[in-house]
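Right, one structure below, let's go through it.
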Amino acid sequence: METNLKQLIRISRLYGQNPDYVIAGGGNTSYKDNERLWVKASGISMADIDEDGFVCLDRKKLQAILDNKYSDLPNIREQEVKTDLHNAILSSKNKRPSVETSMHEIIQYPFVVHTHPTLVNGLLCSKNSKSVVHQLFGDEVIYVPYTDPGYTLFKAVETELKIFRTEKRKEPNIIFLENHGVFVAGDSTESVQKIYSDIQRKLLRVLVELPGNHTVPHSFISVINKIRDVNDSAFIVSDADELTQFFVKDEDSFKWIAKPFTPDNIVYCKSSYLFLKQGGDLALEYLAFRSRFGYYPKIIALQGKGILALEDSEKSAHIVMDVFKDMMKVSYLSQSFGGPRPLNQKQISFIDNWEVENYRRKISKGG
């Protein structure tokens, strides 16, 4: 018979290997018994995770975090929480537990699977997300408005959980996080899979259909050479399928994806992207972008042609493209629910400057 930890590994790989649910180091999973909690380590990919990819923690020490008082200053507070999480580790301390470990702890089901499904975020990143969530799923789920990840989000979820338990006298299986993703929990991995299937089935009934995968032929060689004249260390991948064409048609179309929708968008693609008009001077605008934002663009949209993703390795460049393509799908799907709702500048700045997310980015790149 499969052990609980092996079940956790199996379901983690199931969703981690499906880009419709998780990309790169996103998402996290856990299993807990009465004394210990095993949670995915920060930045580790769920796709090929094994036992070493989880951190085992003492639940009594985790529960103490629920009542501890921390600084009102975000940077100090998050460092204090990180220290307490580290002190709760029972396994090797060379890996960090997921920043969302405390949320895994307060959910009372033994198995918890948190992912960022494309279809779900097509709803959660839309203007009408809250009302539609309750139309589709009733009052048996929790909906949490966007809150900065980390301790602040944990406290927001804790508040909503207390209200739900008081009103319903039971534990919710589904927690939707606005502009973020979904937590699904259950007594078994089979029940978690069934809940996820039900969520996807309900959404497919009401979502617009995405454009096909047909690629419009374009040569990017001359453009890539111009970039390498300025930055010869960049690895570059390109895309020109029908979905991409929809967004690079003109500047108005690109505005639908000009700002990130979720923390993962920022972690992997940063928060600003370069749109190059037809006839524009790529080298000039490429350097101007770096002067303005302090980094070279990870995404360049070429009007009427396609999109380039740039990073410091081939693997990382493909991750950037995968995350940005998912972001395009989310934006397109959001049309079903009033259109996209990107993160605001304050929310973006928190993620951009948060050490925890910079660590996750580093680990996912093999750092």
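State which helices in the chain qualify, where a helix is a whole DSSP H run, it must extend 15 Å or more along its own axis by its Cα atoms, and its mean Kyte-Doolittle hydropathy must be at least -1.0.
Answer set is 4-16, 151-168, 189-204, 282-293, 314-333.
Give me the base-10 log of I(q)/I(0) for region 83-131 at each q in 0.16, 0.25, 0.30 Å⁻¹, Debye formula, one uniform scatterer per Cα, rounded to two decimals.
-0.68, -0.99, -1.11
Report, in whole Å, the centroid distance computed from the Cα atoms of region 106-140 and region 199-278.
25 Å
Please compute the alpha carbon radius of gyration of region 4-204, then divide it by the globular-protein estimate 2.2 N^0.38 Å. Two decimals is fine.
0.97
Can you find, among A309, L274, V230, the residue farthest towards the positive end of the dipole of region 221-364? Put +1 on the C-beta of Lys and Arg, -1 on that of Asp and Glu.
Of A309, L274, V230, it is L274.
What does the charge dipole of region 4-204 about its Cα centre add up to, to the nearest 20 debye, if the Cβ of each Lys and Arg holds +1 and the Cβ of each Asp and Glu holds -1?
Its charge dipole is roughly 100 debye.
Given +1 on the Cβ of Lys and Arg, -1 on the Cβ of Asp and Glu, and no further charges, what dipole in debye does region 221-364 carry about its Cα centre, rounded to the nearest 20?
300 debye
Sum -39500 (n - 2.57) across every DSSP H segment of at least 4 residues in the chain, then divide by the residue count to get the 222 nm mean residue ellipticity, nearest 500.
After summing the helix terms and dividing by residue count, I get -14000 deg cm²/dmol.
Sort 311-317, 250-256 by packing, meaning the average of other beta carbons within 10 Å per residue, with the highest value first.
Top to bottom by mean Cβ count within 10 Å: 311-317, 250-256.
Using only Cα atoms, figure out Rg for the chain and give it as a multiple of 2.2 N^0.38 Å.
Taking N as the residue count of the chain, the ratio is 1.00.
Quick one: what are the phi-derived ³J(HN,Hα) couplings along region 171-182, Karplus 6.51/-1.76/1.60 with θ = phi - 60°, whole Hz, x for glycine and proline?
The phi angles translate into 9, x, 8, 10, 10, 8, 10, 4, 6, 8, x, 9 Hz.
Would you mind putting 69-79, 117-127, 340-350, 94-104 in packing order, based on average other-beta-carbon counts within 10 Å, highest first?
117-127, 94-104, 340-350, 69-79
In this model, which of K95/K315; K202/K329; K6/K61; K40/K170; K226/K270; K202/K325 are farther than 20 Å apart at the alpha-carbon?
K95/K315; K6/K61; K40/K170; K226/K270; K202/K325, as the Cα separations exceed 20 Å there.
Can you tell me the dipole magnitude for the chain around its Cα centre, using point charges on the Cβ only (Lys, Arg +1; Asp, Glu -1), in Debye to the nearest 20?
360 debye
Per 10 Å bin, what percent of the C-alpha pairs of region 151-236 does each bin hold, from zero upward?
For region 151-236, the pair-distance distribution reads 12, 24, 21, 15, 19, 8, 1.
Each reported figure results from applying straightforward, stated rules to the coordinates on display, with no laboratory input. Quantities reported herein were computed from a predicted structural model and do not represent experimental measurements. Glycine also receives a Cβ, built like all others from the backbone with ideal geometry; neighbour counts cover every protein chain displayed.
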